[in-house]
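Some notes on the structure that comes next.
The values are calculated or read from the model by the stated rules, or taken from the named source; none is laboratory data. Only a predicted model underlies this, so the values are computations on that prediction, with no experimental measurement involved. Cβ placement follows ideal geometry from the backbone for every residue including glycine, while neighbour counts extend to all protein chains displayed.
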Amino acid sequence: MLDTGVTAWMLVSASLVLLMTPGLAFFYGGMVRGKSVLNMMMLSFGAMAVVGVIYVLWGWSMSYGASVGGFFGNPFDQFGLGGSFDPVAYLDDEETLFMPTIVDVGFQTTFAIITVALISGALAERIKFSSWLVFSGLWVTFSYFPLAHMVWGGGLLSSDGPFASIADPIDFAGGTVVHINAGVAALVLALIVGKRKGFGKEPIRPHNLPFVMLGAALLWFGWFGFNAGSAYGANDGAGLAWVNTTTATAAAILGWLLTERIRDGKATSLGAASGIVAGLVAITPAAGDVSPIGAIFVGAVAGVLSALAVGLKYKFGYDDSLDVVGVHLVAGLWGTLALGLVATGERGLFYGGGFNQLAVQAIIAIIAIAISAVVTLVLGLIIKLAMGWRVSAEAEERSIDLAEHGEAAYETIGARAVSEVK
Amino acid sequence: MTKLITAVIQPHKLDDVKSALEAAGVRGLTVSEASGYGRQRGHTEVYRGAEYTVDLVPKVRVDVLVADEDAPGIAQAVITAAQTGKIGDGKVWIVPVEDVARVRTGEHGDEAL
């Protein structure tokens with residue numbers, strides 16, 4: 001039977017998660033130089049455009065259609081939301097789920113979009129918009145949909161998979177599918193695409209920190225749809241996920257700022273915004289399966305770990321421009337593993353659950369890393385050979401906004417004295 | 001004859017300098033934002049743990065055109081108003097100006113001041 005309360009909440013949740021991607025565009029856009037902000041934001045908006053179309057064509061079917069060996073759904077099973085797809089069938093594999101499937105399609109579309117957009121932070125200020133759009137379509141098809149199927153669609157990494165005999169794997173809202181997946185892709189692509197001109201030598205400062213904080217605020221707000229929406233109900237489970245999301249995020253801000261205060265002497269606004277995202281990422285897989293006290297632990301550790309991890313790119317010399325690895329991969333891994341420690345209901349080690357949960361969490365994390373690494377490596381190299389990733393050195397130096405989009409974000413004296421209007 | 005007095009000062013001293021110029025009878029001035037360094041040098045900023053040394057410090061530049069004989073007194077008024085005694089207070093200099101014209105009327109020389 002249709003539960004209008006659940007249906008209404010899931011429509012709101014889907015809308016909230018969709019808002020995260022423009023939020024991410026602000027978060028990323030503020031961190032780049034003023035000459036590159038439009039291109040940076042367009043990478044997020046481009047992901048919305050490409051994935052938003054693909055999802056209804058074969059995305060849903062590859063995630064939730066008839067399973068092919070537990071790896072992915074058959075893309076032709078419910079292609080274009082046709083075939084065996086029934087838009088008014090109610091999800092009822094648990095007693096509380098009473099909403100039309102078409103609402104879930106909307107909800108899931110927004111997850112696929114944000115996951116692709118996250119990767120763009122590693123590629124700031126230097127890639128061709130066309131290459132990005134093609135990559136977005138390929139990567140969501142070969143990395144995101146299969147992982148979504150494996151974890152959420154009843155595939156290999158779900159509670160119906162082979163590892164469930166050790167313990168039921170937990171990924172509440174996307175620690176593996178979204179954050180580890182995007183974080184690994186970011187690392188691989190940063191290596192394939194190469195550094196920005198001047199990386200590590202000349203200062204590349206964030207041009208608009210208020211944009212970064214605005215973006216972080218929008219992400220936090222949208223994340224309530226992401227996590228509390230993933231309870232698939234307007235109930236106590238959603239309430240717990242909501243509280244855990246906020247608690248963990250607040251703790252992560254404190255963790256990040258404390259690390260900065262000790263290491264650098266100052267607690268920064270960029271640190272607060274980054275701590276927000278690290279906390280949100282870490283609690284994502286755990287939001288429905290830890291207590292609020294557990295959430296404080298998950299968030300605080302995530303803030304410290306990510307604040308320490310963002311320096312690694314200088315040490316190893318890869319230009320993960322906006323720290324997708326340091327924030328999403330590190331905090332995503334931590335959140336996924338932390339469930340092995342603090343999952344409630346006698347599952348986590350700290351609650352007397354033994355090592356089984358920790359082991360199964362490590363297994364799903366490693367498999368997610370491997371799948372994303374291999375798929376991204378192949379696709380990244382194909383794009384490199386077929387289209388090339390980089391804009392010309394001159395375009396990069398001058399302004400990628402001008403070279404790729406023919407626009408400038410901010411008015412200058414030169415722009416005001418336009419010589420000819422056609 | 002006319003002189004151009006240029007002062008590069010601490011941004012927070014602009015109000016004091018403006019008041020001092022008004023008191024000295026100067027009727028117009030041009031202010032622009034400037035960046036630079038002297039002995040003060042810059043400062044450091046940290047973004048996600050990466051430290052940047054910012055050499056150029058924000059300053060305010062004030063330009064006023066004055067009659068020859070008023071120049072030393074007005075320059076002194078600017079110096080007194082802008083002084084904090086700390087490093088980074090800035091510089092004031094005076095240069096001769098060959099001609100000045102008021103655009104609205106076409107007047108030249110001291111009449112244009």
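Only one of A:224, A:199 is among the aromatic types (Phe, Trp, Tyr), farther than 23 Å from residue A:369 by Cβ and within 14 Å of another protein chain (Cβ to nearest Cβ); which?
A:199
When you go through A:200, A:233, A:222, A:239 one by one, which is the residue that is out of contact with any Phe, Trp or Tyr (no Cβ under 7 Å at 6 or more places or on another chain) and surrounded by fewer than 17 Cβ atoms within 10 Å (Cβ to Cβ)?
On inspection, the qualifying residue turns out to be A:239.
Return the pair list, or none, for Cβ contacts closer than 6 Å from residues in the range A:38-61 that are within 21 Å of residue A:219 (Cβ to Cβ) and touching a residue at least 12 places away in the same chain (Cβ under 8 Å) to residues that are outside any helix (DSSP H, G or I) and not aliphatic (A, V, I, L, M), at least 6 apart or on different chains.
Close Cβ pairs (under 6 Å, with a partner that is outside any helix (DSSP H, G or I) and not aliphatic (A, V, I, L, M)) amount to A:38/A:407.
Name every residue in the range A:192-211 that is more than 28 Å from residue A:380 (Cα to Cα) and either among the aliphatic types (A, V, I, L, M) or under 18 Å from the mean Cα position of the chain (by Cα) (or both), in order of residue number.
A:209
For the range A:329-339, does any single residue satisfy the condition of being under 25 Å from residue A:145 (Cα atoms), without any contact (Cβ under 8 Å) to a residue 24 or more places away in the chain and in contact with a Ser or Thr (Cβ under 8 Å, 6 or more places away or on another chain)?
no
For residue A:288, indicate whether it is touching a residue at least 60 places away in the same chain (Cβ under 8 Å), away from chain B (no Cβ under 14 Å), of a type outside the set (Phe, Trp, Tyr) and under 18 Å from residue A:184 (Cβ atoms).
no
Only residues that are surrounded by fewer than 19 Cβ atoms within 10 Å (Cβ to Cβ) and either more than 10 Å from chain B (Cβ to nearest Cβ) or in contact with a Phe, Trp or Tyr (Cβ under 6 Å, 6 or more places away or on another chain) (or both): list them for the range A:255-268, please.
Hits for the range A:255-268 are A:258, A:261, A:262, A:267.
Would you check if residue A:222 is closer than 15 Å to residue A:113 by Cβ and within 18 Å of the chain's Cα centre (by Cα)?
yes
Among the residues that make up the range A:230-248, is at least one of them within 14 Å of chain B (Cβ to nearest Cβ) and β-branched (Val, Ile, Thr)? Explain how you work it out, then say what you get.
So in the range A:230-248, the residues within 14 Å of chain B (Cβ to nearest Cβ) come out as none.
Looking for residues that are within 14 Å of chain B (Cβ to nearest Cβ) and β-branched (Val, Ile, Thr), one finds none in the range A:230-248, hence no.
Inside the range A:351-387, can you point out the residues that are among the aromatic types (Phe, Trp, Tyr) and either surrounded by fewer than 15 Cβ atoms within 10 Å (Cβ to Cβ) or in contact (Cβ under 8 Å) with a residue 40 or more places away in the chain (or both)?
If the condition is that a residue be among the aromatic types (Phe, Trp, Tyr) and either surrounded by fewer than 15 Cβ atoms within 10 Å (Cβ to Cβ) or in contact (Cβ under 8 Å) with a residue 40 or more places away in the chain (or both), then A:355 is the only one that fits.
Pull up the range A:314-324, narrow it to residues that are in a helix (DSSP H, G or I) and surrounded by fewer than 24 Cβ atoms within 10 Å (Cβ to Cβ), then point me to the one that is nearest to the other protein chains (Cβ to nearest Cβ).
My answer is A:314.
Among A:192, A:180, A:170, which is buried (at least 22 other Cβ atoms within 10 Å of the Cβ), of a type in the set (Val, Ile, Thr) and under 22 Å from residue A:119 (Cβ atoms)?
Answer to the check: A:180.
Hey, among A:314, A:318, A:351, A:410, which residue is more than 26 Å from residue A:27 (Cα to Cα) and of a type in the set (Ser, Thr, Tyr)?
Exactly one of A:314, A:318, A:351, A:410 is more than 26 Å from residue A:27 (Cα to Cα) and of a type in the set (Ser, Thr, Tyr), namely A:351.
Just name the residue that is farthest from residue A:208 (Cα to Cα) out of those in the range B:43-78 that are among the aliphatic types (A, V, I, L, M) and within 14 Å of chain A (Cβ to nearest Cβ).
Here the residue is B:56.
Conditions: (1) under 30 Å from residue A:235 (Cα atoms); (2) modelled with pLDDT of 95 or more. Residue A:42 meets all but one. Number of the miss?
Single failed check for residue A:42: (1).
Strands (runs of 3 or more DSSP E) wholly in chain B with at least 2 residues that are closer than 30 Å to residue A:207 by Cβ and of a type in the set (D, E, K, R) - which ones?
Details: elements: B:2-9, B:30-36, B:43-47, B:50-54, B:57-67, B:90-97.
Correct list: B:57-67.
I'd like to know if the range B:27-42 contains one or more residues that are within 14 Å of chain A (Cβ to nearest Cβ) and among the charged types (D, E, K, R).
Yes, the range B:27-42 contains a residue that is within 14 Å of chain A (Cβ to nearest Cβ) and among the charged types (D, E, K, R).
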